[in-house]
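Engineer: I have a structure I would like to understand better, so I am pasting it below and will then ask my questions one at a time.
The values are calculated or read from the model by the stated rules, or taken from the named source; none is laboratory data. Bear in mind the structure is a predicted one, so any value in this text is a computation, not a measurement. Quick reminder, even Gly has a Cβ in these numbers, built from the backbone with ideal geometry, and neighbours come from all protein chains shown. Keep in mind that these areas ignore ligands, DNA and RNA; they rest on the heavy atoms of the full protein, side chains included. Shrake-Rupley method; radii C 1.70, N 1.55, O 1.52, S 1.80 Å.
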Amino acid sequence: MKRWDIAFRRKITAWCLRFPVYFSAFFTGFVAVLITSYILVRGIPNLKPELFSLVYNSENVSLLAPLVNSFLSALLALLIAVPAGVFSAVYLVEYSKKGSKLVKIVRLTSETLSGIPSIVYGLFGMLFFVTTLGLGMSLLSGVFTLAIMVLPLIMRTTEEALLAVPDSYREGSFGLGAGRLGTVIKIVLPAAVPGILSGVILAAGRIIGETAALIYTAGTVPQFAFNPELSARTLAVHLYVLSGEGQHMNESYAVAVVLLALVLVINTISYAVARKIRGGQGE
């Protein structure tokens, strides 16, 4: 076979492999831009001052209380889920024996929990937190349900971040006389922070956009829930209720714009923090 024929076939093969990659990237970007543009075009003209009123009524359908409740639910759920998920991942990676059956069971369980639909978490939260523990339809019940829902995600991403830290870091720390706990706290965890933060970002995004798990636990009352024992709705639930009623579709698009902006702000801030941490570690 001639040399030019081999080179031609290699180019054809490379092009055939590149085309699906380029097409997939273009299609994904196109769909994202299309959805975002549609929401912005329909929602921005309907952003009115009445939507941010302190008092909710059937005319202004204010989103201020649901917006505040979204921040509260995300903050409280992450305060519960992040320490539990990070400590669990540290045990699985740094302290457990390799090939342990317990580790395999925990990983299998976490992967299984990650695939459970959110409405199942909502039903569990309603039966356990709302009914059995007597917390009632409250933001607190929703927070506990959300924490359980995002715990597998945080644990798995943290575990992958810890596994990505080179063993030479640990060996160097042990060689200098540091113990396992000191090595984990001062060497391994700081190196894994960007990966851990990525999991927290994903968890926060899922919490902000969650509806099914909260309808059955936190309820849909449009009021400020500075007391977590009160029933309240988040921004995503507010969007679901407005669109479901069908009487405030314009306001629904406006709420979707605010929800989209909220997720973008959280991702941007988290990305900036992760980038700063990486820069600090490189100095």
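Engineer: For the stretch 95-127, which positions are surrounded by 22 or more Cβ atoms within 10 Å (Cβ to Cβ) and closer than 18 Å to Ala225 by Cβ?
Structural biologist: Passing the criteria: Gly122, Gly125.
Engineer: Something else now. Might you check whether a residue that is within 26 Å of the chain's Cα centre (by Cα) and assigned to a helix (DSSP H, G or I) occurs anywhere in the stretch 54-62?
Structural biologist: No: the stretch 54-62 contains no residue that is within 26 Å of the chain's Cα centre (by Cα) and assigned to a helix (DSSP H, G or I).
Engineer: A follow-up question, please. Among Phe71, Phe27, Phe52, which is open to solvent by 50 Å² or more (accessible area, probe 1.4 Å) and more than 25 Å from Glu245 (Cβ to Cβ)?
Structural biologist: Step by step, each of Phe71, Phe27, Phe52 is checked, and only Phe27 is open to solvent by 50 Å² or more (accessible area, probe 1.4 Å) and more than 25 Å from Glu245 (Cβ to Cβ).
Engineer: Shifting gears a bit: Just checking, which of Gly122, Gly115, Gly136 is of a type outside the set (D, E, K, R), within 28 Å of Ser73 (Cα to Cα) and more than 19 Å from the chain's Cα centre (by Cα)?
Structural biologist: The conditions single out Gly136.
Engineer: I've got another one for you. Does Ala65 fit the bill of being more than 17 Å from the chain's Cα centre (by Cα) and open to solvent by less than 30 Å² (accessible area, probe 1.4 Å)?
Structural biologist: Working: more than 17 Å from the chain's Cα centre (by Cα): yes; open to solvent by less than 30 Å² (accessible area, probe 1.4 Å): yes.
So Ala65 passes the test.
Engineer: Condition test on Ile35, is it at pLDDT 85 or above and out of contact with any Leu (no Cβ under 8 Å at 6 or more places or on another chain)?
Structural biologist: Considered against the rule, which asks whether it is at pLDDT 85 or above and out of contact with any Leu (no Cβ under 8 Å at 6 or more places or on another chain), Ile35 comes out as yes.
Engineer: I'm trying to understand the selection: among the residues of the stretch 262-276, which are open to solvent by less than 50 Å² (accessible area, probe 1.4 Å) and closer than 21 Å to Leu47 by Cβ?
Structural biologist: Matches in the stretch 262-276: Leu262, Val263, Ile266.
Engineer: Another question about this same structure. Kindly establish whether Ile12 is open to solvent by 70 Å² or more (accessible area, probe 1.4 Å), on the phi < 0 side of the Ramachandran plot and either outside any helix (DSSP H, G or I) or of a type in the set (Val, Ile, Thr) (or both).
Structural biologist: On the way: open to solvent by 70 Å² or more (accessible area, probe 1.4 Å): yes; on the phi < 0 side of the Ramachandran plot: yes; either outside any helix (DSSP H, G or I) or of a type in the set (Val, Ile, Thr) (or both): yes.
Considered against the rule, which asks whether it is open to solvent by 70 Å² or more (accessible area, probe 1.4 Å), on the phi < 0 side of the Ramachandran plot and either outside any helix (DSSP H, G or I) or of a type in the set (Val, Ile, Thr) (or both), Ile12 comes out as yes.
Engineer: Looking at this structure, is Asn46 under 20 Å from the mean Cα position of the chain (by Cα) and closer than 29 Å to Leu235 by Cβ?
Structural biologist: Judged against the criteria, Asn46 is not a match.
Engineer: When only residues in the stretch 228-256 that are without any contact (Cβ under 8 Å) to a residue 40 or more places away in the chain and assigned to a helix (DSSP H, G or I) count, which is least open to solvent (accessible area, probe 1.4 Å)?
Structural biologist: Quick first cut of the stretch 228-256, residues without any contact (Cβ under 8 Å) to a residue 40 or more places away in the chain only: 239-241, 243-247, 249, 252.
Then keep just the ones that are assigned to a helix (DSSP H, G or I); that gives 239-241, 243-245, 249, 252.
Values: Leu239: 42, Tyr240: 128, Val241: 26, Ser243: 51, Gly244: 63, Glu245: 99, Met249: 76, Ser252: 6 Å².
If we take residues in the stretch 228-256 being without any contact (Cβ under 8 Å) to a residue 40 or more places away in the chain and assigned to a helix (DSSP H, G or I), then Ser252 is least open to solvent (accessible area, probe 1.4 Å).
Engineer: Among the helices (runs of 4 or more DSSP H) lying completely within the stretch 128-227, list those that include at least 1 residues that are at pLDDT 90 or above, crowded, with 18+ Cβ neighbours inside 10 Å and polar (S, T, N, Q).
Structural biologist: Answer list for the stretch 128-227: 139-163.
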